[in-house]
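The values are calculated or read from the model by the stated rules, or taken from the named source; none is laboratory data. Everything numeric here is computed off the predicted structure, so don't read it as measured data. Positions of Cβ are generated from backbone atoms using ideal geometry, with glycine treated the same way; all protein chains shown enter the neighbour counts.
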Amino acid sequence: MALYGYEDIFTQKYPAIKTMKDVSIEYAHIYTNDKISKEHELSLETLSKCREELDRNAQSFVLTVLVDDYSFPDPTFDYDTFTSWLTDKGFKPDIIFRESQLIPLCDEVLKKLKDDNLHEQLNDYIKSKKYPCSLFISAWYLLRLGRLRYPSFNEELYASRLINILPKSFKPFEDKAIEIISATEFAGAEKMIEYSFIEGRLIA
């Protein structure tokens, strides 16, 4: 499990990815001002079934957790406690990534957009408010698929397909993220993204 700090993602040349996992699974999404809840228990139940199916099919996978420290930043969030809880439940993540780390990659997604109207729409939103959830999501998915790169995001963390276990209330933001990805030079990558939605409250 890795927990990364800020790095200049544009100062390094990246070698070609030699091997990729079959699947990257996201689960137990949490905000730093939130507590472990029934929503996270449901996420682990879904993950357990997903993992069993992948094992039966002899598919390799990597477990990923994204902590949202951007929407509602809370410096008191205890990453160690959260990681220990996941580990004790039998679902130790291979990586915990912070949403704020994705800001440079969000800028990179904007550079890759081919739709001028969408580019303007997103830029206007950033200037008037903040980086939108949908842009973070698109950057996160393109990173996990190896379309975007990040120092210290090790080669064994990339995968050919994504499965995201998320609350149903996230779906509008997910749909927008898929629209963004399909409007970039990475169009087609959205076909490698799958969902397993669970009950959960909206905080985005």
So in the stretch 58-76, with the set limited to residues that are polar (S, T, N, Q) and within 15 Å of Ser24 (Cα to Cα), which one is surrounded by the most Cβ atoms within 10 Å (Cβ to Cβ)?
Thr64
Which of the helices (runs of 4 or more DSSP H) contained wholly in the stretch 105-191 include at least 1 residues that are within 22 Å of Met20 (Cα to Cα) and at pLDDT 95 or above?
133-144, 171-182
Is it the case, given these coordinates, that Pro151 is surrounded by fewer than 20 Cβ atoms within 10 Å (Cβ to Cβ) and either of a type in the set (Ser, Thr, Tyr) or farther than 24 Å from Ile36 by Cα (or both)?
yes
Out of all the residues in the stretch 91-102, is one or more in contact with a strand residue (DSSP E or B) (Cβ under 7 Å, 6 or more places away or on another chain), without any contact (Cβ under 8 Å) to a residue 60 or more places away in the chain, part of a helix (DSSP H, G or I) and within 30 Å of Lys21 (Cα to Cα)?
yes
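Any residue at all in the stretch 77-86 that is farther than 30 Å from Lys130 by Cβ and surrounded by fewer than 20 Cβ atoms within 10 Å (Cβ to Cβ)?
As a first pass, look at the stretch 77-86 and keep what is farther than 30 Å from Lys130 by Cβ: 84.
Okay, now just the ones that are also surrounded by fewer than 20 Cβ atoms within 10 Å (Cβ to Cβ), so 84.
Yes; the residues of the stretch 77-86 include at least one that is farther than 30 Å from Lys130 by Cβ and surrounded by fewer than 20 Cβ atoms within 10 Å (Cβ to Cβ).
Go through Ile193, Ile165 for me and flag whichever is of a type in the set (Val, Ile, Thr) and under 12 Å from His29 (Cβ atoms).
Working: Ile193 fails: under 12 Å from His29 (Cβ atoms).
Sole residue among the options that is of a type in the set (Val, Ile, Thr) and under 12 Å from His29 (Cβ atoms): Ile165.
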Within the set of pairs 6+ apart or on separate chains, which have a first residue in the stretch 53-75 that is under 14 Å from Ser160 (Cβ atoms), a second that is assigned to a loop (DSSP other than H, G, I, E, B), and C-beta atoms under 6 Å apart?
Val62/Asp94
Name the single residue that is farthest from Glu190 (Cα to Cα) among those in the stretch 117-144 being buried (at least 22 other Cβ atoms within 10 Å of the Cβ) and aliphatic (A, V, I, L, M).
Leu122
Select from the stretch 103-126 the residues that are touching a residue at least 12 places away in the same chain (Cβ under 8 Å) and basic (Lys, Arg) and list them in ascending order.
Lys112, Lys114
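Does Leu102 satisfy the criteria of being over 25 Å from Glu52 (Cβ atoms), more than 16 Å from the chain's Cα centre (by Cα), of a type in the set (A, V, I, L, M) and at pLDDT 95 or above? Explain how you work it out, then say what you get.
Working: over 25 Å from Glu52 (Cβ atoms): yes; more than 16 Å from the chain's Cα centre (by Cα): no; of a type in the set (A, V, I, L, M): yes; at pLDDT 95 or above: yes.
No: the conditions fail for Leu102.
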Scanning the stretch 10-45 for residues that are closer than 26 Å to Asp74 by Cβ and β-branched (Val, Ile, Thr), which turns out nearest to the chain's Cα centre (by Cα)?
Ile25
